[in-house]
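A.B. asks: Sharing a structure with you now.
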Amino acid sequence: MPEDELTDALRAAQRGDAAGFATLWRSHHPGVLRYLRVIAGDHAEDAASETWLHVIRDLQNFQGDHNGFRGWLFRIARNRGLDEQRRRARTRETPAPPDRTAPDAATEAAEGAATTWALNVIAGLPADQAEAVMLRVVLGLDVATTAGILGKKPGAVRIATMRGLRRLAGHPQIRTRQGV
Amino acid sequence: MRSLHALLRALRTRRNRHHETDPIATTDHPGLADLLDAARAPATQAELAGEKETVAAFVAHRRRAARSSRRHRTKARIRAVLVPVTAGLALLILTATGVAARTGNLPQGAQQHAHRLFSALGVPAPRTGNPVTPSPAPSRSGPRPTLDVAALGWCQAWSGGPSRTLSREDKRKLSAAAGGEKGIEKYCRDLHRSASAQPSAPTTPPSTSPAPSPSTSVEPLPSVSAEPTGTPQPGRPAQPGRPDQPGRAPTAPPSTKPPKPTHTGKPSTKPSKAASPSKSRGQGTSTKQNSSPSPAVTTPQNAARSVPAEDD
């Protein structure tokens with residue numbers, strides 16, 4: 001969806017328009033959910049709804065265009081995701097690591113299954129590289145916004161993205177798909 | 001490995017060329033491209049399942065916020081009205097009090113207090129009351145005579161003959177005071193009457209009092225006191241003169257009461273103690289009761305006392 005339309009939707013939502021908010025939600029919720037899958041694993045759904053509740057609460061006070069809104073949205077999502085991770089670490093209900101090992105790519109044909117596999121592969125990266133790859137490459141945020149979200153310098157974000165991509169390229173399942 | 005090198009080279013060149021282009025182009029590696037495409041795939045139905053709930057939450061929050069903000073706004077509006085009004089009232093009261101204190105029109109206690117506190121600012125001490133009341137009276141009566149006198153002069157000039165000795169302006173003033181030229185005659189008549197009555201008012205007390213004195217209530221008072229015929233007053237002074245009649249006075253009051261107890265005989269103790277010496281002689285009928293132990297005992301004591309007293 002074009003930037004202008006999303007900016008209009010953002011303004012409408014800030015005025016209290018439910019349709020504008022729905023447009024925003026439809027265009028951003030999948031990205032938030034996938035990013036949170038990488039960060040918070042199985043608790044991504046909860047973290048995503050908490051993120052949106054936070055957005056609803058503070059949308060009126062938000063100032064900026066749609067690009068700024070994306071940065072704000074993913075900063076909230078990251079904080080919620082890390083909260084979920086911390087809670088999970090405290091309660092020690094760690095999901096089984098086998099979930100993270102991707103199922104065989106060849107057997108995954110259904111829609112969404114490939115996405116799940118890809119996210120699982122990315123989640124297997126070190127945390128900073130996984131986040132950098134998700135925000136920079138998958139979600140398409142620019143370096144400055146990503147650096148703002150992660151609380152790093154832009155150079156560190158670039159390095160983390162590059163290392164993450166290099167590591168993904170060296171992943172056995174991807175290497176096997178190279179010739180396909 | 002070769003592809004990885006190509007990827008890195010591509011990344012590097014892209015970064016050198018322009019900074020913020022889409023990193024999608026970096027994926028020369030087909031497997032990596034597939035992975036990223038899969039990660040970027042369009043949203044599935046499952047991912048968009050929660051739209052209704054989220055939008056409902058949004059609407060509910062907006063309604064709540066609007067309600068609270070409306071409440072907040074009305075409160076703010078009330079405050080915006082109340083604050084200046086109370087401030088203005090307070091200022092008005094303060095100013096009025098200050099002016100009243102400065103001109104000395106406060107009640108006496110308050111004026112005294114204000115004078116003690118703010119005498120440096122010129123707040124006068126309370127007036128004793130006498131100067132306050134007479135001062136307006138002369139000031140009111142002052143201008144009226146002057147106007148009346150002037151009008152009287154005009155009237156005399158006007159009525160002295162239609163010769164119009166009045167100046168034009170004076171005539172205009174007179175007609176204005178009379179409420180029209182036609183009313184001048186009546187006005188002048190009234191004015192003459194009131195002018196003749198007014199000077200007489202201060203002089204009346206001496207002059208009128210002698211004339212209506214016989215009819216008014218001033219004289220009856222001395223006349224009544226002089227004449228002894230009045231019933232209420234003479235009654236008291238007459239009593240001292242009555243002792244001249246000796247027979248009635250002693251007999252009437254004391255005689256009526258004592259005889260009754262003696263006849264009955266029952267209240268022996270009380271009358272015997274109180275009036276035993278006086279009544280014992282005249283009332284011989286009550287001998288037995290008098291000879292009862294009480295007088296017998298008392299008599300020797302009295303005799304015993306009387307004896308040393310006589311000796312001394």
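A.B. asks: Excluding ligands and nucleic acids, what accessible area in Å² is computed for A:Trp117 using a 1.4 Å probe, to the nearest 10?
C.D. replies: Surface accessible to solvent at A:Trp117 totals approximately 10 Å².
A.B. asks: Size of the dipole of the range A:1-95 about the Cα centre, Lys and Arg at +1 and Asp and Glu at -1 on the beta carbon, nothing else charged, in debye to 20?
C.D. replies: 480 debye
A.B. asks: Moving on to the next point. Report, as an integer, the average count of C-beta atoms from other chains found within 10 Å of each Cβ along A:30-38.
C.D. replies: What the average comes to for A:30-38 is 3.
A.B. asks: What Kirkwood Rh does chain A have if only Cα atoms enter the pairwise 1/r average? Answer in Å.
C.D. replies: Across chain A, the inverse of the average 1/r is 17.3 Å.
A.B. asks: Just reorder B:Ser159, B:Ser194 by solvent-accessible area, largest first, 1.4 Å probe, all chains present.
C.D. replies: My answer, sorted largest first, is B:Ser159, B:Ser194.
A.B. asks: Next up: When ligands, DNA and RNA are left out and all protein chains stay put, how many square angstrom of accessible area per residue does the range A:1-95 have with a 1.4 Å probe?
C.D. replies: Accessible area per residue: 48 Å².
A.B. asks: I've got another one for you. Mind giving me the nanometre distance, one decimal, between the label points for B:Arg64 and B:Lys52, set 7 Å out from Cα along Cα→Cβ?
C.D. replies: Distance between label points: 2.1 nm.
A.B. asks: Rounded to the nearest 100 Å², what is the buried accessible area between B and A, both sides summed, probe 1.4 Å?
C.D. replies: 3600 Å²
A.B. asks: What is the average number of partner chain Cβ atoms found within 10 Å of a Cβ in A:161-171?
C.D. replies: Taking the mean over all residues of the peptide, I get 5.
A.B. asks: Quick one: order A:Asp4, B:Asp37, A:Asp58 from most to least accessible surface, probe 1.4 Å.
C.D. replies: Ranked from most to least accessible, the order is A:Asp4, B:Asp37, A:Asp58.
A.B. asks: Go ahead and set up a Gaussian network model of chain A, Cα springs under 10 Å, then flag whichever of A:Ala40, A:Ala18, A:Ala130 fluctuates most.
C.D. replies: In the Gaussian network model the winner is A:Ala18.
A.B. asks: Express the carbon and sulfur contribution to the solvent-accessible surface of chain A as a percent, rounded to the nearest whole number, probe 1.4 angstrom.
C.D. replies: Carbon-and-sulfur percentage of accessible area, whole number: 48.
A.B. asks: Ok, one more. Taking every residue in A:127-134, how many Cβ atoms of other protein chains lie within 10 Å of its Cβ, on average?
C.D. replies: Shielding by partners across A:127-134 averages 1.
The values are calculated or read from the model by the stated rules, or taken from the named source; none is laboratory data. The shown structure was predicted, so the numbers you read here are calculated from the model rather than taken from an experiment. Cβ coordinates were reconstructed from backbone atoms using ideal geometry, including for glycine residues, and neighbour counts include every protein chain displayed. With ligands, DNA and RNA removed, areas are computed over all heavy atoms of the protein, side chains included. Shrake-Rupley method; radii C 1.70, N 1.55, O 1.52, S 1.80 Å.
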